[in-house]
Structure formats: structure tokens, C-alpha cells
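> I have a structure I would like to understand better, so I am pasting it below and will then ask my questions one at a time.
The values are calculated or read from the model by the stated rules, or taken from the named source; none is laboratory data. This is a predicted model, so every value here is computed, not measured. Using ideal geometry, Cβ is built from the backbone for each residue, glycine included, and neighbour counts are taken over all protein chains shown.
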Amino acid sequence: MKKVILSFALALTTVAGAFAQKQQGGEKNLEVQFAPLGGSPIGIDGIRLRLFNSDGTGAIRVRLGLGGTNDVTVRQQAYETPNAGGTMTTVPELYDTEKTFNFSIRPGYEMHFEGTDRLSPYVGAELMFGMGSETLTKEFQDGINDTEDNDPAKWATWEAERKRGTTTFGLNAVAGFDFYFVDNLYLGAEIGFGFQNKKYKNQEITVANDYYLRSDDAQNDSDFSDWIAIEGDNQNTVVVKTPVGDGEGNFKNSGWGPNYQATIRLGWLF
């Protein structure tokens, strides 16, 4: 399949390329990523739009990224447990819910040079802003040992929630080209030089106030012990940790230097 796609692209370049023409001015432009030898030949990491000026020598550009996930898993299946009186009580299942949200925008401007009839080289600059969030909600059961098994209060379900987030700022100078192998359809590449700063928001923890963590199994839960602790002998006190950063030591990072787009840009004018 990869060879077919690559051969098709080369055939289009050879047969139709002699009649291709680049932008003339006033066009709009959308792009995807093209990796003919990769596992997924066509991809997208956001919507990139360009608006050319009236003579085609400049273009406003913007890349918009927006997405999220919502994954729900069953950490504990429902089961039955015997009561002191010989009856059975059904203990409900427990769920973990992980939600993520990501947003980014990269506005910028390009200056296009004469090149050739089919080649449009350019330089430009872009700003970058991004934000992301991650929420983990875990359900637990009260498991109060001095309550009868058939008392619903013993197996009451409560939640603990952890929120994390990031914000990102950056500035990038870019240089690239568009090669039109047919009218209104081109392949291109781009490199850049810039800097980026990413800040991790402080982790936020909330716990249902009316319930207490008493079970040794719950205290030793690998996902839970990082953000809930029981202090001393006071087993009726839930202490919520509020660490600076995301709870894993990350607070902020930044970097600068050259960068590049690893895939070929495949775009069309309309």
C-alpha cells in the first residue's frame, strides 16, 4: 500500500506537474501531514489554515488543535458477601474515570518569494499558546468495620478526584516551501527556530468530606496513596496532600533551538 501511494504521488508529479501553477492571490489553504513510507500515510495534528493576500506574496496562517478523551474503567466488579444472619449483600462495582482536554493555537504570518511557477518558498513567524487538563476520579467504598454487612452505609460509595493542568507559550521563526505538482495541490516542508515554555499547574485534590479511609487495602492502593494519607492514630482524619506542581515533581520546563516538521505537508487551495 505504501509503494502504491508513493508511486501515485510520483506519477502525478511527472505527468501533471508540467501544467501546475502555484497560488495567484486571494486563495485559502488547508493542510494535512503526508508520510508515504509510514504506517499511517495521511495524518493530522490540528487544523492548519492559510489566507493568502491579493497578490499571493503573503499569508496569514493559524493552526488550531482541540481534543479530549473520557475513559471509564471498572476497577472492582460487583460481588456478593455473606451477612452475619446468613443472607447475602451485593457490593457494588467501583469505577475509575479519566478525562483529558487539550487546546492549542498557533497564529502567524508568512512572506512568500518569487521562486518558480510551481515553487513558492517562504519565511515567517508564529506564536504558540496551549493548555491541557487531566482529571482522574476514583470511587471507593466506606467499608466501616463496625457496621453490619447488610447496612448500605457499610458499602457507601464516595469519590476522590485529582486535577492536573499545563499552559504553554512559545515563539517560532519558520522557513519552508510549497511545491505544486498539480494546480491547487502541493507538497511542502518546513523548519524553524524558536523557544517554548511549559508550566505545570498545581495539582488539586478533592475528597468526599463525609467518609474516611480506614481499610489497609485502600491505604496501600498504588494510585491512591500518593494523594491521600492518614496521620498518626487519628483514623477519622483524611489528610489531603496539596503539592506544588503536578504531584510527580514537574513544575515547569523551557527550551529553545532549531525544530522541524517531521512529515511532508500536503495541502490544497480553494
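> Tally up the residues in segment 49-88 that are in a strand (DSSP E or B), touching a residue at least 40 places away in the same chain (Cβ under 8 Å) and of a type in the set (Ser, Thr, Tyr), please.
Matching residues across segment 49-88 total 1.
> Return the residue satisfying two criteria in turn: it lies in segment 18-45 and is farther than 16 Å from ILE264 by Cβ and surrounded by fewer than 16 Cβ atoms within 10 Å (Cβ to Cβ), and of such residues it is modelled with the lowest pLDDT.
For segment 18-45, the residue satisfying everything is ALA18.
> I want to confirm something. Restricting to segment 28-80 and keeping residues that are of a type in the set (Asp, Glu) and farther than 21 Å from ALA125 by Cβ, which single residue is nearest to the chain's Cα centre (by Cα)?
If we take residues in segment 28-80 being of a type in the set (Asp, Glu) and farther than 21 Å from ALA125 by Cβ, then ASP71 is nearest to the chain's Cα centre (by Cα).
> So, in segment 152-206, exactly how many residues are of a type in the set (Val, Ile, Thr), more than 30 Å from SER254 (Cβ to Cβ), surrounded by 15 or more Cβ atoms within 10 Å (Cβ to Cβ) and touching a strand residue (DSSP E or B) at 6+ places or on another chain (Cβ under 7 Å)?
Residues that pass the stated criteria total 1.
> For GLN23, work out the one condition from (1) outside any strand (DSSP E or B); (2) farther than 15 Å from TYR186 by Cβ it doesn't fulfil.
If we test GLN23 against (1) outside any strand (DSSP E or B); (2) farther than 15 Å from TYR186 by Cβ, just (2) comes out false.
> Can you find, within segment 70-102, the residue that is nearest to ASN29 (Cα to Cα) among those that are hydrophobic (A, V, I, L, M, F, W, C) and surrounded by 15 or more Cβ atoms within 10 Å (Cβ to Cβ)?
Initially, segment 70-102 is screened for residues hydrophobic (A, V, I, L, M, F, W, C), giving 72, 74, 78, 84, 88, 91, 94, 101.
Those still in the list that are surrounded by 15 or more Cβ atoms within 10 Å (Cβ to Cβ) too: 91, 94, 101.
Working: VAL91: 57, LEU94: 48, PHE101: 27 Å.
Looking at residues that are hydrophobic (A, V, I, L, M, F, W, C) and surrounded by 15 or more Cβ atoms within 10 Å (Cβ to Cβ), I get PHE101.
> Within segment 170-211, take every residue that is in a loop (DSSP other than H, G, I, E, B) and out of contact with any Gly (no Cβ under 8 Å at 6 or more places or on another chain) and give me the one that is nearest to ALA125 (Cα to Cα).
ASN184
> Could you check segment 178-198 and list, in sequence order, the residues that are hydrophobic (A, V, I, L, M, F, W, C) and within 28 Å of the chain's Cα centre (by Cα)?
Answer for segment 178-198, where residues must be hydrophobic (A, V, I, L, M, F, W, C) and within 28 Å of the chain's Cα centre (by Cα): LEU187, ALA189, ILE191, PHE193, PHE195.
> Can you pull out the residues in segment 46-68 that are surrounded by fewer than 13 Cβ atoms within 10 Å (Cβ to Cβ), over 16 Å from GLU110 (Cβ atoms) and not aliphatic (A, V, I, L, M)?
GLY67, GLY68
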